[in-house]
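Scroll down for the structure; my scribbles are underneath it.
The values are calculated or read from the model by the stated rules, or taken from the named source; none is laboratory data. What you see is a predicted model, and the numbers here were worked out from it, not measured in a lab. Positions of Cβ are generated from backbone atoms using ideal geometry, with glycine treated the same way; all protein chains shown enter the neighbour counts.
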Amino acid sequence: MKQCPAGLCSRGAMHGKDMKINITEDTDLRKIAESGQCFRAYETGSAFIFIAKDKKIRLTQQKDTLSADCTESDWNGFWKHYFDLDRDYAAIRKKAARDPFMSAAAEAGKGIRILKQDPWEMLISFIISQRKSIPAIRTSIERLCEAFGEDKGDYHAFPTPKALYEAEASVLQGCGLGYRLEYIRDAASKVYLGELDLDALFKMNDEDLQNTLKSVKGVGDKVANCVMLFAYGRTAAVPVDTWIKKIIEEDYNGKNPFSAYKDDAGIMQQYAFFYKRTL
């Protein structure tokens with residue numbers, strides 16, 4: 001597990017008493033942080049730091065209880081939704097009972113939840129993710145946040161479309177973007193200038209949503225499906241990366257197994273992705 005970057009967690013002292021949240025058994029902070037869907041989640045000692053948009057939370061877990069350094073209002077107003085705690089993942093896992101590989105994957109991935117993240121943050125994050133390892137993605141995103149995100153004291157918020165639109169190319173390139181620089185600039189331009197309204201996309205059907213996301217330079221099927229799944233809650237979307245390709249080729253003789261799970265296909269994909277990487 002990626003440890004917290006220097007200073008990011010150590011300066012984030014808790015104040016007062018943590019609130020306690022009762023959770024279902026299908027929540028595992030470590031697996032969520034390692035599942036490849038978020039890049040600003042870090043382990044520090046026995047706790048986990050999650051940063052989303054301009055918010056930060058420190059969580060510890062003991063069996064079916066989370067301890068969180070936030071107010072009840074912040075938890076109910078943001079973080080409960082973020083962790084998708086109203087969905088019954090145990091029931092979804094049972095759907096894989098007749099498929100030996102997927103059943104094993106669902107058991108190994110038990111505790112992963114599909115985070116409901118910000119569309120802008122996911123669009124930029126998964127553009128950056130192309131042909132990069134997870135540690136390299138994290139590094140680029142943190143550099144981007146430190147250079148262009150609002151300073152919140154002990155962390156930086158994710159940069160706004162305006163901040164990236166107005167950013168100097170040389171400073172952006174210093175964040176390790178490589179050829180993705182022009183993709184980031186195109187996304188920032190489209191969103192900041194109003195050509196692409198990311199909030200309006202929630203009303204679109206899956207096909208129109210995917211096609212609209214692909215209007216951004218550098219966004220293909222894989223990145224679009226990641227944004228659909230991790231930002232827009234389209235759990236039928238299945239991002240196909242090298243790991244998923246291996247599963248299709250090595251474990252299913254070239255046949256895609258995920259379509260059988262319909263609206264839960266993206267959730268099963270996350271279990272399979274996690275399982276294949278940890279084998």
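Need at least 1 residues that are surrounded by fewer than 17 Cβ atoms within 10 Å (Cβ to Cβ) and not assigned by TED's automatic domain parsing to the domain that holds Lys31 per element, so show me which helices (runs of 4 or more DSSP H) inside region 96-211 make the cut, counting only ones lying wholly within it.
So the answer is 100-108, 134-148, 161-165, 169-173, 181-192.
Return the only residue of Asp26, Asp84, Asp54, Asp18 being farther than 17 Å from Ala272 by Cα and either of a type in the set (Gly, Ala, Ser) or at pLDDT below 95 (or both).
Step by step, each of Asp26, Asp84, Asp54, Asp18 is checked, and only Asp18 is farther than 17 Å from Ala272 by Cα and either of a type in the set (Gly, Ala, Ser) or at pLDDT below 95 (or both).
So if I check each of Ser67, Ser35, which one is among the hydroxyl-bearing types (Ser, Thr, Tyr), crowded, with 21+ Cβ neighbours inside 10 Å and either under 15 Å from Ile114 (Cα atoms) or not assigned by TED's automatic domain parsing to the domain that holds Phe126 (or both)?
Ser35
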